[in-house]
1. Scan the stretch 326-343 and give yes if some residue there is outside any helix (DSSP H, G or I), of a type in the set (A, V, I, L, M, F, W, C) and modelled with pLDDT under 60, otherwise no.
2. Please determine, by comparing only the residues of the stretch 220-251 that are of a type in the set (Gly, Ala, Ser) and within 20 Å of the chain's Cα centre (by Cα), which one is farthest from PRO271 (Cα to Cα).
3. Failed condition for ARG389, given (1) modelled with pLDDT of 80 or more; (2) surrounded by fewer than 17 Cβ atoms within 10 Å (Cβ to Cβ), with all others met?
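The values are calculated or read from the model by the stated rules, or taken from the named source; none is laboratory data. The structure displayed is predicted, hence computed values, not measured ones. Positions of Cβ are backbone-derived with ideal geometry, glycine not excepted, and every protein chain shown enters the neighbour counts. Keep in mind that these areas ignore ligands, DNA and RNA; they rest on the heavy atoms of the full protein, side chains included. Shrake-Rupley method; radii C 1.70, N 1.55, O 1.52, S 1.80 Å.
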Amino acid sequence: MVSSTRVLAETCGDMLADVDKLVAEVATSSPGHRALDEALRLAGGVDMEISLTPSITVFLGLARDLRPSVETDHEWDMRATALGWARSALDLGVLDLPGLLKLSTSAHVLVMRRLLAAIPNDHVVSLLGPLGAWHDGFFSEAHGRASEALRTTPPVHGRQRTGDQHRNWLLHIITSPGSELDADEADQIPARTYAVVIRAGAQVIREMLDGEERPDSWWTVWRPTAEQLVVVGDLDREPGDWITTTMLALRPDSSAHGVIAADSGCRVELPRILSALRSKVADYRTAPLRPGEVLSANRLEVLDSIVTTPAASDRFVGMLARISDSGELMHSVHTLLSCDLNLSRASELLAVHRSTLVYRLDRVVRMTGVDPRTTEGAALWWIALGIGRRSG
């Protein structure tokens, strides 16, 4: 009778002989791996299968002999290849260390399932115990060493706060097509959230990511691509002027090309909000950024509907045209809106006397017939200025 250890060795050998097919299956069957592969392509990184092939090869080689760690030069070379790819992925900012280790675990769980399915039924029971014990030892050894090696690489995390890596993994999952958070993971996200998405050069984004100035309300920061930074905050900890707080903390300048912000209100809306923000920010015009110029995505749908309605759009374009020759009037209206119609606050920001601001606003009313100091007028001017920003 053939021994179970021999059957295990032969089964692993057969899988190693067709490892490319197995790697392709893992890369395509896991939503997390598909999302990472896409993010790497967008960031100009190395194809994910470059990492999976040596990693799975080492895994099956150790499983064949029930060894917990690498021993041969060939195995060490393959392990080095996988770690080199992992460092590259982390440095590009498309994934964090806990997320990387979680993906590695899910990949090898899939391989273990394939292995158990390939072992003849009359040997499965006798191999479950030895394989299970080996599996625990493998991850304790392999992930312990890999985690230490990656954590000690300076460019990987910069000055990210404790907990960012795990939270970024959650954001990575909820924005990946076809991925879902389980109940325990969803409960880790603030009940009420806001989000800011920034587009800038890779170096500018890295500087923002590594910045030491972080408002307490920031739940996490996340770099989905080399040229995007996402800030997700806890709305219950910053119920007031969270946009201004965020923008002042980031200290953006003309190097930042676009910012879109949203008060998503509740946790379940966050995936949709982040998806909408990331698509909007790709087209947002290049301009120096000020807190009052940030668009709020929970009202972007209103702008979209108005822009596509000719009669409504013409009205707002007409309002802008009547004061377009006076940058002073336009800026005064914009500042008033950003200060929630507080005349004293607006005059301070404009560095003019309150009566001067009142005079300017009276001119706006005479020229356009819409008073930005009223609730209805403020809403109309907010839409008009939003259309103006979007049209460049």
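1. No, the conditions are met nowhere in the stretch 326-343.
2. ALA249
3. (1)
For every residue, the table says whether it meets (1) farther than 25 Å from ALA226 by Cβ; (2) modelled with pLDDT of 80 or more; (3) open to solvent by 40 Å² or more (accessible area, probe 1.4 Å).
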site	(1), (2), (3)
PRO68	yes, no, yes
LEU103	no, no, no
VAL111	yes, yes, no
ARG114	yes, yes, yes
ALA118	yes, yes, yes
HIS123	yes, yes, no
